[in-house]
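Okay, structure first, notes after.
The values are calculated or read from the model by the stated rules, or taken from the named source; none is laboratory data. Keep in mind it's a predicted model, so treat the numbers as computed, not measured. Virtual Cβ from ideal backbone geometry, glycine too; neighbours counted across all protein chains shown.
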Amino acid sequence: MNSGIDVSKIRARGATYVAEARIAQMMKWKGIIAIVAIGNPLFYLVAIGIGIGVLVNENSGTSGTGGVEYITFIAPALLASAALTGALDEAMFPVMEGFKWRKLFYAINSTPINPGQIVLGVFIGAIARVVFTVICYWALLIAFGVVTIGQSWDVIPVTIFAAGAFAAVIMGVTASVKNEDYFMTVLNRMIIMPMFLFSGTFFPLNTMPIFLQPIGWISPLWHATELGRYFSYGYSISGVMLLVHFSYLIVMMVIGFKLANRKFAERLAK
Amino acid sequence: MPEPLISARGLTKKYGDFTAVDTIDFDVDKGESFGLLGPNGAGKSTTMRIIAATSQRSSGTISILGRDPEEHGPQIRAHLGVVPQQDNLDGELTVSENLFIYGRYFGLSKKFIRNKIEELLDFAQLQDKRDAKVEALSGGMKRRLTIARALVSEPDILMLDEPTTGLDPQARHILWDRLFRLKETGVTLVITTHFMDEAEQLCDRLVVMDKGRIMAEGSPLELIKQYSTKEVLEVRFGSDRNKEVAPILREMCSRIEELPDRILMYVEDGEALLEAITAKKLHPTTSLVRRSSLEDVFLRLTGRSLIE
């Protein structure tokens, strides 16, 4: 027997081994990840924040955005949407690859690592990507003079947390679907796209007709955006709503993990 | 006598109403090369997954390295090397990265794995491919890498599910040579295959499986002795005449098998029988005398051939 193998150590650290592997895989895409993390906010801030911002500010001043410049208003929302998009990539593709494309999870499952550790490891990998994305974005916001360092740093953990809740749900849902190609199309066109448009990213959600507002209420992006605004520039939210936003994201994270743990165990035991 | 590394009694696996593995018993001893031979769907891979402690049995008992996989999955998996039927390597990573990452799943130190990688690249004859992306490797190379990966943790048992399926003849022979070397170093091998030549080449002892059950057990030679004759005469008369001639041939030896394209006759002396047939003026269009193989054993046991 190989005496160098310590199963109790693997039980404690297994998820970090899976995360190490995920990060090694992401490093193969580091150029693209960096371009997306830096280019995406740069284009949005210039085109929408500054370009459309001129229109907004000239026509209605800051009355529509609660007394702040348009770029200040959309910056935390764009930050949240970049974080959630990064989380989506690193939660959905590895799960498809793990179960279907390359069956990498089956390889991991034949080692002492258990399915729950695979879930946690993939999650940690997704968080690593989100942290990188959020920090790049935040640095650009500071460079653009949209936020200041001292007042806005706490937007970072809050946004990462929201992206984590989203990642957990995506992992659970992706592990549950059988027809991946169909799922991806539906997810992108029917869920991600409306979520981006109706989560109060570009305008306050309450300016929408009431029947459209529920799209925002169920969207993690709206909750992340509201919290991001609160923490980045002192946007006013009632204590109750703060609690609602955090609770919603916590519940999402818990459900996501439960579903992912169950589905991973089921599929790997077949 | 030392305890067997793997011991199964009444092992059964059901998926709903379907019984994939049906009350089978077997033991695998240390240092032995043990085979599960049978056609697709015989229950070989299911049995492998139970031994690999990734799928739980429905009933019966099984002990692997002295432990029950239902309770000690990670402890058992820590000392197994698994080579699945389909390669599940990470195509985007390089050869050495694949080995490194896999070693980490066993909690092995980075230093240990780095040294081990050198050894494994030599073994798998992949030294010059160490920094190549796995996607760019040939099928045979990927197989060898999958085997090398399974060896990174120095397992007590190496499990190979259909190791050479889909490989060309040359790649198969290279692989057999590598596995033979492993066997010589005392690694216990558990192999499933539906190729009789592979089973004959690699297995010290095997069980013949069909429809979830074990039909026979023994060394390839013992099985052939027990269930077949020394030689086999294969004759073809053309598909129309085969039927006509078969009753006459049946009189001439103790056992014949009529296949769609040919008739197999089981005898001790094939040439003598062929002469007797010719003497009766039954001229087969082609004839062949060969040694009995595991294929004949399987045909005898199940009435069907291995590859259908």
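From the residues in the range B:163-181 that are out of contact with any helix residue (DSSP H, G or I) (no Cβ under 8 Å at 6 or more places or on another chain) and modelled with pLDDT of 90 or more, which one is surrounded by the most Cβ atoms within 10 Å (Cβ to Cβ)?
Restricting to residues being out of contact with any helix residue (DSSP H, G or I) (no Cβ under 8 Å at 6 or more places or on another chain) and modelled with pLDDT of 90 or more, the top hit is B:HIS173.
I'd like the full set of residues that are without any contact (Cβ under 8 Å) to a residue 24 or more places away in the chain, among the charged types (D, E, K, R) and either more than 9 Å from chain B (Cβ to nearest Cβ) or buried (at least 19 other Cβ atoms within 10 Å of the Cβ) (or both), limited to the range A:21-44.
Correct list: A:LYS30 only.
The rows are residues; the columns are (1) among the polar types (S, T, N, Q); (2) closer than 14 Å to A:PRO112 by Cα.
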| residue | (1), (2) |
| --- | --- |
| B:ASP25 | no, no |
| B:GLY31 | no, no |
| B:ASN40 | yes, no |
| B:THR61 | yes, no |
| B:HIS79 | no, yes |
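Please report, ordered by residue number, the strands (runs of 3 or more DSSP E) entirely within the range B:210-284 with at least 2 residues that are of a type in the set (A, V, I, L, M, F, W, C) and under 30 Å from B:GLY60 (Cβ atoms).
Numbers: elements: B:213-218, B:231-236, B:255-258, B:263-267.
Once the strands (runs of 3 or more DSSP E) in the range B:210-284 are filtered for at least 2 residues that are of a type in the set (A, V, I, L, M, F, W, C) and under 30 Å from B:GLY60 (Cβ atoms), what remains is B:213-218.
Taking the range B:129-147, which residues are of a type in the set (Ser, Thr, Tyr) and touching a residue at least 60 places away in the same chain (Cβ under 8 Å)?
B:THR146
Looking at A:LEU78, A:LEU55, A:LEU104, A:LEU84, which one is crowded, with 19+ Cβ neighbours inside 10 Å and either more than 20 Å from the chain's Cα centre (by Cα) or not aliphatic (A, V, I, L, M) (or both)?
Result of the check over A:LEU78, A:LEU55, A:LEU104, A:LEU84: A:LEU104.
For A:ILE156, indicate whether it is more than 20 Å from the chain's Cα centre (by Cα), farther than 16 Å from A:MET92 by Cβ and without any contact (Cβ under 8 Å) to a residue 60 or more places away in the chain.
It is false that A:ILE156 is more than 20 Å from the chain's Cα centre (by Cα), farther than 16 Å from A:MET92 by Cβ and without any contact (Cβ under 8 Å) to a residue 60 or more places away in the chain.
Check A:ILE135, A:ILE142, A:ILE71, A:ILE124 and return the single one that is free of Cβ contacts under 8 Å to residues at least 12 places away in the same chain and hydrophobic (A, V, I, L, M, F, W, C). First the steps, then the outcome.
Details: A:ILE135 fails: free of Cβ contacts under 8 Å to residues at least 12 places away in the same chain; A:ILE71 fails: free of Cβ contacts under 8 Å to residues at least 12 places away in the same chain; A:ILE124 fails: free of Cβ contacts under 8 Å to residues at least 12 places away in the same chain.
Selected residue: A:ILE142, the only one of A:ILE135, A:ILE142, A:ILE71, A:ILE124 that is free of Cβ contacts under 8 Å to residues at least 12 places away in the same chain and hydrophobic (A, V, I, L, M, F, W, C).
What are the residues in the range A:5-20 that are more than 17 Å from B:PRO155 (Cβ to Cβ), in contact (Cβ under 8 Å) with a residue 24 or more places away in the chain and among the hydrophobic types (A, V, I, L, M, F, W, C), if any?
The answer is A:ALA15, A:VAL18, A:ALA19.
Exactly one condition in (1) within 25 Å of A:LEU78 (Cβ to Cβ); (2) modelled with pLDDT of 95 or more is false for A:VAL147; which is it?
Here A:VAL147 meets the rest and fails (2).
Identify all residues within the range B:55-67 that are free of Cβ contacts under 8 Å to residues at least 24 places away in the same chain and under 16 Å from A:ALA269 (Cα atoms); write none if there are none.
So the first thing to find is which residues in the range B:55-67 are free of Cβ contacts under 8 Å to residues at least 24 places away in the same chain, and the list is B:56, B:67.
Across the range B:55-67, the qualifying residue is only B:GLN56.
Search the range B:102-114 for residues that are more than 9 Å from chain A (Cβ to nearest Cβ) and part of a helix (DSSP H, G or I) and pair each with any residue that is among the aliphatic types (A, V, I, L, M) and crowded, with 24+ Cβ neighbours inside 10 Å when their beta-carbon atoms are under 8 Å apart and the residues are at least 6 apart or on different chains.
From residues that are more than 9 Å from chain A (Cβ to nearest Cβ) and part of a helix (DSSP H, G or I), the pairs are B:GLY103/B:VAL152; B:ILE113/B:LEU99; B:ILE113/B:VAL152.
Would you pick out the residues in the range A:215-234 that are more than 18 Å from A:ALA167 (Cα to Cα), in contact with a Pro (Cβ under 7 Å, 6 or more places away or on another chain) and buried (at least 24 other Cβ atoms within 10 Å of the Cβ)?
A:ARG229, A:SER232
One line per residue, one yes/no per condition, for (1) within 30 Å of B:ALA132 (Cα to Cα); (2) facing another protein chain (nearest Cβ under 9 Å); (3) of a type outside the set (A, V, I, L, M, F, W, C):
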position	(1), (2), (3)
B:GLN56	no, yes, yes
B:ILE62	no, no, no
B:PRO69	no, no, yes
B:SER96	yes, no, yes
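Looking only at the range B:126-139, decide whether some residue is surrounded by 23 or more Cβ atoms within 10 Å (Cβ to Cβ), of a type in the set (S, T, N, Q) and in the same structural domain as B:LEU65 (by TED's automatic domain parsing).
Within the range B:126-139, none of the residues are surrounded by 23 or more Cβ atoms within 10 Å (Cβ to Cβ), of a type in the set (S, T, N, Q) and in the same structural domain as B:LEU65 (by TED's automatic domain parsing).
Just the residues that are facing chain B (nearest Cβ under 7 Å), part of a helix (DSSP H, G or I) and exposed (fewer than 15 other Cβ atoms within 10 Å of the Cβ), please, taken from the range A:1-10.
Listed by number, the list holds a single entry, A:LYS9.
Restricting to the range B:22-50, name every residue that is touching a helix residue (DSSP H, G or I) at 6+ places or on another chain (Cβ under 8 Å) and within 15 Å of B:GLU70 (Cβ to Cβ).
Correct list: B:ILE50 only.
Which of the residues that make up the range B:220-246 are of a type outside the set (A, V, I, L, M, F, W, C) and either modelled with pLDDT of 90 or more or within 13 Å of B:VAL297 (Cβ to Cβ) (or both)? If you could, list the steps in order and put the result at the bottom.
Step one: of the range B:220-246, the residues of a type outside the set (A, V, I, L, M, F, W, C) are B:220, B:222, B:225-231, B:234, B:236, B:238-244.
Those that are of a type outside the set (A, V, I, L, M, F, W, C) and either modelled with pLDDT of 90 or more or within 13 Å of B:VAL297 (Cβ to Cβ) (or both): B:PRO220, B:GLU222, B:LYS225, B:GLN226, B:TYR227, B:SER228, B:THR229, B:LYS230, B:GLU231, B:GLU234, B:ARG236.
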